[in-house]
Structures are given as C-alpha cells and as structure tokens.
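The structure appears right after this line, and notes come after that.
The values are calculated or read from the model by the stated rules, or taken from the named source; none is laboratory data. Keep in mind that what you see is a predicted model, and the values were worked out from it rather than measured. FYI the Cβ positions are ideal-geometry reconstructions off the backbone, even for glycines, and counts take in every protein chain you see. Keep in mind that these areas ignore ligands, DNA and RNA; they rest on the heavy atoms of the full protein, side chains included. Shrake-Rupley method; radii C 1.70, N 1.55, O 1.52, S 1.80 Å.
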Amino acid sequence: MAAQKSSRFISGFGIQVLAAMIVGLALGLVARNLGPAEGQAGYALAETLHQIGVIFIQLLRVLVPPLVFTAIVASIANIAQLQNAARLVWRTLFWFAFTALVAVVIGIALGLILQPGLHTTVEAAAAVAPKTRGSWLDFLTSLVPLNILGIAASTKVVDGAATTSLSFNVLQIVVISLVTGVAALKVGEAGEAFLKFNASALAIVRKVLWWVIRLTPIGTIGLFGNAVAQYGWTTLGQLGAFTGAIYIGLALVLLVVYPTILALNGLNPVRFFQGAWPAIQLAFVSRSSIGTLPVTEAVTEGSLGVPRAYAAFAVPLGATTKMDGCAAVYPAIAAIFVAQFFGVHLAWSDYFLIVFVSVIGSAATAGLTGAVVMLTLTLSTLGLPLEGVGLLLAIDPILDMGRTAVNVAGQALVPTIVAKREGILDLDVYNAGRVPVEAALHAAE
C-alpha cells in the first residue's frame with residue numbers, strides 16, 4: 001500500500017511542480033503589485049515567499065556534502081571493478097568540453113548577429129566593477145581542500161557589526177572523496193568495514209533526500225514567487241535585446257544541440273527530457289546547480305539509467321565545472337555586449353580567447369559565484385572594462401533561471417551520453433519514460 005501511495009505521488013510530481021510554479025507566479029505578482037519593499041502592503045507576502053524558498057534550498061544544500069562524499073566513495077569501490085574506469089573519466093571530460101565548445105560558438109554567433117550592445121538604453125552610470133572576480137589561479141586553489149570537510153568561513157563587517165558565514169566547496173569535497181575512496185581500496189581488508197559503513201550512510205542520506213524532494217512543490221512556490229515579487233519583468237526593458245539573445249542561445253543549446261547529440265547517439269530526446277525534467281524545473285526556480293545536485297543525481301541514475309557507480313562521480317563533477325549556460329552562452333554574449341557598449345573592437349584572436357575561456361576556464365569558477373565570476377574572468381582575459389558587469393547585474397536573477405536550467409540539463413546529458421557510448425546505460429530504464437526520482441531513490445525506500 002505504501003509503495004502504491006509513493007507511486008501515485010511520483011506520477012504527479014512534474015504536474016505538482018508545474019502547478020507550484022503557477023501558484024508562485026500568482027502570489028509573486030500579488031506581492032509585487034502591493035509593493036514588496038519593507039513597509040509596503042506586499043512585504044509580508046514577499047518575505048514569506050522568500051523564507052520558504054531559502055529554507056527549501058538550505059535543506060537541499062545541507063544534503064550535498066554527505067551525498068557527494070558517500071556516493072563518490074561508494075562509486076570508487078564499484079567503478080574500480082570496471083575495466084574502462086579511466087576511459088569513462090576522460091570521455092566525460094571530453095564531452096564536457098565538446099558541448100561547451102558548441103554552446104560558446106552559438107553565443108558568439110548570436111552576439112555578432114543580434115548586436116545587443118548597440119540596442120540598449122541602459123545608462124553608462126550603471127557600469128560598476130564587481131568585487132568578486134574570476135582568476136585562473138582560483139581553479140588550482142579550489143582543488144586543494146582547506147580542511148577535511150571542504151568548509152570555508154568568511155566574515156563581513158558592515159556598519160561595525162561582524163557576521164560570519166560558512167560555505168562548502170563541492171570540488172574540494174569531490175577531491176577528498178576520491179582520495180578517501182582510493183585509500184579505502186588500497187588498504188584492503190582494513191578498509192572493508194569503512195566501505196560497508198559508507199554504504200549504510202549513503203542509504204540513510206538517500207532516505208532523507210527523498211523526504212526533502214517531497215517538499216519540492218512547496219519550495220517551488222516560495223522560490224518562483226519570490227523571484228517574481230523581487231524582480232518582476234520591468235527591469236527587462238532597457239536590456240531587452242541582451243536578454244533575448246541570452247534566452248535564444250539557451251534555447252538553442254537546450255532544445256536543438258542536446259536533442260541532436262542524443263539522437264546521433266541513438267537515444268530518444270523526449271525520453272531524456274521526461275527523465276531529467278524534475279531537475280531542470282528545480283534548477284530554473286532555485287538558480288542553483290549545487291542546490292539541485294541531489295535531484296540531478298537522482299534522475300540521472302533512476303530515470304536515465306546511468307549506473308550509480310559512474311553517476312556518483314560524473315554528476316557532482318559536472319555540478320562544479322559543467323556550465324553551458326553560465327560559462328559558455330552567457331559570457332560569450334555578455335563579452336560581446338560589453339565590447340559593443342564601450343565601442344571596443346574585437347579581433348578574431350579575441351573570439352578565440354572567448355572560446356578558450358569558456359571551454360577551459362569554467363573550472364576556474366568552481367565553488368565560486370558562477371556567472372558573474374565567469375564573466376569577469378572572460379572580460380579580464382580580453383582586456384575589456386570590468387565595469388561592464390555592473391550594466392548586467394539588474395537582470396542577472398532573471399537570466400540566471402534559464403542559465404541554471406541549461407547547466408543542469410547538461411550535467412545530466414553528458415553522463416547519459418558517455419554511459420551509452422560505453423555500453424553501460426540501462427536502456428530499459430531510459431526508454432521506460434517513467435516519471436523520475438522513484439527508481440533512483442528506490443533503494444532508500
């Protein structure tokens with residue numbers, strides 16, 4: 001009976017999330033019309049939506065460190081038994097780079113054709129250099145764990161009051177997990193007890209994850225409603241051409257490039273989107289690849305048929321370094337926008353630099369503030385004014401929804417393609433077309 005109830009819940013999961021987006025849109029519009037600022041009539045509603053969204057993302061994010069660690073350690077134990085383990089790693093990196101290359105070329109083409117920098121009414125006074133910037137050294141630094149938990153603390157002083165916040169670097173957790181998993185195998189019998197404990201911990205984490213996933217419709221109402229209440233659509237007017245170029249590029253990658261790659265590899269694109277849709281939906285409303293990571297891994301394994309041993313490695317790695325939206329389409333169009341706005345001529349060598357930064361440099365944003373850091377990295381590499389970032393910050397939250405959705409779709413796509421080409425994809429699961437999450441978390445039920 002419990003299994004039947006669970007099945008009924010899952011069968012309507014996508015519809016529930018879609019309905020939640022509609023409810024969130026309506027509540028967000030009400031809050032915005034009443035006035036979402038403190039002291040205005042819509043403030044209470046806007047703040048409620050904000051808190052619901054924040055709590056939901058916190059619940060997802062708190063599961064990321066234990067999920068990544070236990071899943072990767074378990075995957076090392078399993079993937080070591082595969083003869084093609086090294087080839088899986090290199091092919092994963094190849095497809096990361098290949099899809100990023102296609103995405104950045106699309107971004108450059110749209111930037112040159114649509115010329116968004118010449119069709120804007122935004123004031124030059126909005127040009128302010130950001131405090132957070134990208135650096136090629138950030139990637140190497142982020143690989144070295146700060147501590148065994150991959151946690152960092154930062155303190156800010158505002159008006160004489162100091163506040164300290166904690167954050168975790170997923171890429172560092174991946175490194176720690178890989179080293180720990182390999183070490184557990186190398187010590188032989190002495191590591192068997194640890195691996196069994198890790199397997200039990202993974203089952204517990206997946207159970208808790210399942211509980212949190214059930215809250216997705218509620219979290220979606222808060223996240224989407226808050227986005228509408230806070231940002232609305234009025235800020236799109238001055239940067240309409242730029243926004244349009246970004247979303248056209250994202251749509252081409254998501255709805256043309258990805259389906260073409262799937263079809264060329266003998267996979268039904270419709271089945272892929274059916275399987276990956278819960279993660280893509282959540283990415284759109286949450287604007288966080290890391291926050292969506294547990295769901296992305298769940299659908300990649302349970303609905304797309306990627307073996308757990310491989311998915312537990314590829315998906316977390318993709319969540320930190322595979323960003324076709326934030327690190328390919330967006331910086332390409334944004335860099336051309338900034339150049340056009342400030343009247344800077346770009347040579348062919350500059351376009352090659354954009355490609356290079358997008359394909360290789362996305363790793364330099366790992367654990368940092370994705371799109372903004374990636375854009376500053378691109379602009380600094382090209383020698384363009386960093387003040388150009390300030391021109392685009394007003395609409396960044398609206399753009400980030402689409403960027404993150406494409407990021408997460410790509411993070412599920414690459415493991416699926418690699419698994420298919422290596423002959424380890426469960427085609428029965430992939431072609432079943434069932435609604436996601438249930439199969440991936442079946443072991444936790």
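Protection proxy ranking for 101-111, 31-41, using the average of other Cβ atoms within 10 Å per residue and placing the highest first: 101-111, 31-41. Ligands, DNA and RNA aside, D426 has an accessible area near 70 Å² when probed at 1.4 Å. Label sites at Q230 and A203, each approximated as a point 7 angstrom past Cα along Cα to Cβ, lie 4.0 nm apart.
In this view, the solvent-accessible surface of F273, computed with a 1.4 Å probe and all protein chains in place, comes to about 40 Å².
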